[in-house]
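Read the figures in this text as sums done on the coordinates, not as results from a lab. No experiment lies behind these values; they were computed from the predicted model shown. Reconstructed Cβ throughout: ideal geometry from the backbone, glycine too, with neighbour counts over all protein chains shown.
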Amino acid sequence: MEIRVRFAPSPTGYLHMGGARTAIFNWLYARQRGGKFILRIEDTDKERSTKEAIDAILNGLRWLGIDWDEGPYFQSDYFNIHREWAYNLLREGKAYRCFATEEELENLRKELQKEKKSFKFYPKYRDLDLKESNDMAENGKPFVIRFKVPREKEIVRYVDFIYGEIVKKIEEIEDFVILRQDGTPLYNLSCVVDDIRMNITDVIRGQDHINNTSKQILLYEAFGAKPPNFAHLPLILAKDKSKLSKRKHGEVASLTYYINKGFIPEALFNFLALLGWSPKTNEEYMPKEKLLKLFDIKKVNKSNAIFNFDEKNQKEWTDKKAIWLNAQYISKYPYEKIYPYVKEVLIKNNLWKEEYEKEKKEWFRFAIDSLRTRLHSLNEFATLGKPFFSSEYEINEEALNHILQNKEILNENLVELAEEFFKNENFEIEEIEKTLRDFAERKNIKAGIFIGALRVALTGQKEGIGIFHIIKIIGKEETKKRIEEFSKRYLI
RNA sequence: GUCGCCAUCGUCUAGUCUGGUUCAGGACACCGGCCUUUCACGUCGGCAACAGGGGUUCAAAUCCCCUUGGCGACGCCA
């Protein structure tokens, strides 16, 4: 039988990390078995659903490289069908109209609480004769439709791929509402009806749905359908051990933030896939193909994972392992794969020049390959990389002050050193290095003094890639020019 | 409160099913050495955990029970 999974987010917020991981696991599961991945937007709560949220979800999935075979379906388009199915249950005596008012219910709930019981159903309406129920409805008395949980059964049971056997006592399940007073369907109904209609074979979703699953299985049975397989994923928690959410923990919970922060999609994909699941091979760098080969839904662990970040610390804005993985991808990706991302970032920051893919193609590649070994974010191509693509870069004050300790030496020698560089014929790294070291030796000055000064003069930064790489990338003329300008401005 | 789930280094995790090979392995982070007279690269090394208590057993991180802790669900939200 063909595997069919679905990712069914509700468009009430942006695509968050938990949702993204659910999508990843669904996608991995479907793709490794030649199954279909269906995207369904669960917008049954019209009040809270927004167009922006839908766009964010779609864009987020595309960005992650998660493609879908069907959809996006919008659940609200099928309200009539859901309602029809609910009424079928009503006709068959598997559901009933509950005419209880809010007050009535509240009182009942309070009373039950005194006896330490919780609400399960309202016999008065549950046992109402269908004809009488029809009459009341016709007379305009408002009602909801509740599912009539089969009380003759003892338990509902299913085997979860991850949690194993889950048994729930029938007596603990209330007659839940499936149709609102205004006739719109509720989550449990819509979800089951659509999963049946769409022939979903495997439901992979967050662990917070475990409780719903028992109810949903009852619905499957009422509809005479075979329930799908279920796999409930452990939750992603924040440091305070509560469920990671945008409301509580801010942007770090939202996928959009990672896009803006310069993540490579596959790096985030990799990180998320390893959160709650392990290939058990001691490897961390796992591109999609490898993940596809090794992923096993049944080996996902049961305990929740904590997302370790510190919002107060810039460098730890998200889990450090995620940042580290991103750095891995930036430096290990084949050039062809990293290139489009770099181009995009440079364009966004007005640093892109057409010649980078024409006459300066080779130069550009060398620059990027040198640069990327040190970067943690794509955005750094435009910040730390700026001096290579523009002569307008800022000078780090701390770094400047540091080298100005040797102001006199530099004033006497730096421009002369620049002239020496200029005499280089090939301007290759070894040659540049030799020039500098010979020069320093001749002058009896530590090479380090020049190295530090050159870094500041040429890039304005106190750290970065090797200085000889920097000089080669910046080029003969520009190096000379920058040193001269720097001397005039700071050394005299 | 009720019901359910979970419990190995600070964090992600391997090992738990099939008890001995583990005074518990890897990764991130952290600390130190080397390299670099730059570096958020690289490299080598270090720190660091079986929640607690009872069993069962020749032997328990691994099996059983209890306690504790954490999380989730208890909506005419999804």
Candidate aspartates and glutamates for bridging to A:LYS488, where Cα separation is under 20 Å - those fewer than 8 sequence places away on the same chain excluded: A:GLU392, A:GLU394, A:GLU397, A:GLU398, A:GLU408, A:GLU412, A:GLU416, A:GLU419, A:GLU420, A:GLU477, A:GLU478
Would you work out which of A:ASN406, A:LEU272, A:ILE145 lies farthest towards the positive end of the dipole of chain A, given +1 charges on the beta-carbon of Lys and Arg and -1 on that of Asp and Glu, about the Cα centre? A:ILE145
Let me check against my output: what whole-number percent is the relative contact order of chain A, with C-alpha pairs under 8 Å and at least 6 apart? 12
By how many degrees, between 0 and 90 and to the nearest 10, does the Cα long axis of helix A:476-486 differ from the longest principal axis of chain A? 90
Segment A:179-205 residues near the modelled A:VAL159 label - backbone nitrogen below 17 Å, point 7 Å along Cα→Cβ: A:202-203
Once you have all Cα-Cα distances for chain A, histogram them in 10 Å bins from zero and send the whole-percent values. 4, 16, 21, 18, 14, 10, 8, 6, 4, 1, 0
Given Cα pairs under 8 Å that are at least 6 residues apart, what percent is the relative contact order of segment A:230-351? 31
Is there a quick way to get the dipole size of segment A:133-190? I mean about its Cα centre, with the Cβ of Lys and Arg at +1 and of Asp and Glu at -1; what is the value in debye to the nearest 20? 20
Using the Cα centre of segment A:37-149 as origin and beta-carbon charges of +1 (Lys, Arg) and -1 (Asp, Glu), tell me which of A:ALA95, A:TRP68, A:LEU58 is placed farthest towards the positive end of the dipole. A:ALA95
Sequence ranges A:305-317, A:475-487, ranked by mean other-Cβ count within 10 angstrom, highest first: A:475-487, A:305-317
Give the lysines reachable from A:LYS337 as a straight Cα distance under 17 Å; neighbours fewer than 8 places away on the same chain don't count. A:LYS288, A:LYS290, A:LYS361
Stretchable slack from A:SER278 to A:GLU172, in nm (0.36 nm times residue separation minus alpha-carbon distance): 34.6 nm
Proximal aspartates and glutamates to A:LYS320, defined as alpha-carbon separation beneath 20 angstrom and excluding residues fewer than eight positions away on the same chain: A:ASP240, A:GLU251, A:GLU266, A:GLU283, A:GLU284, A:ASP310, A:GLU311, A:GLU380
Sort A:LYS386, A:LYS248 by Cβ crowding within 10 Å, fewest neighbours at the top. A:LYS248, A:LYS386
Treating the beta-carbon of each Lys and Arg as +1 and of each Asp and Glu as -1, no other charges, what is the dipole magnitude of chain A about its Cα centre, to the nearest 20 debye? 1120
DSSP beta bridges in chain A: the antiparallel percent, rounded to 5, is 50
Calculate I(q)/I(0) for segment A:1-71 by the Debye formula, one identical point scatterer on each C-alpha and no solvent, and give its log10 at q = 0.15, 0.18, 0.19, 0.20 Å⁻¹ to two decimals. -0.46, -0.64, -0.71, -0.77
Computed D for segment A:383-492, Stokes-Einstein, Kirkwood radius over alpha-carbon pairs, 10 °C, 1.306 mPa s, to the nearest µm² per second, is 116
Taking segment A:93-203, the whole-percent share of alpha-carbon pairs separated by over 26 angstrom is 29
In degrees, nearest ten, helix A:429-443 long axis to first principal axis of chain A (Cα): 50
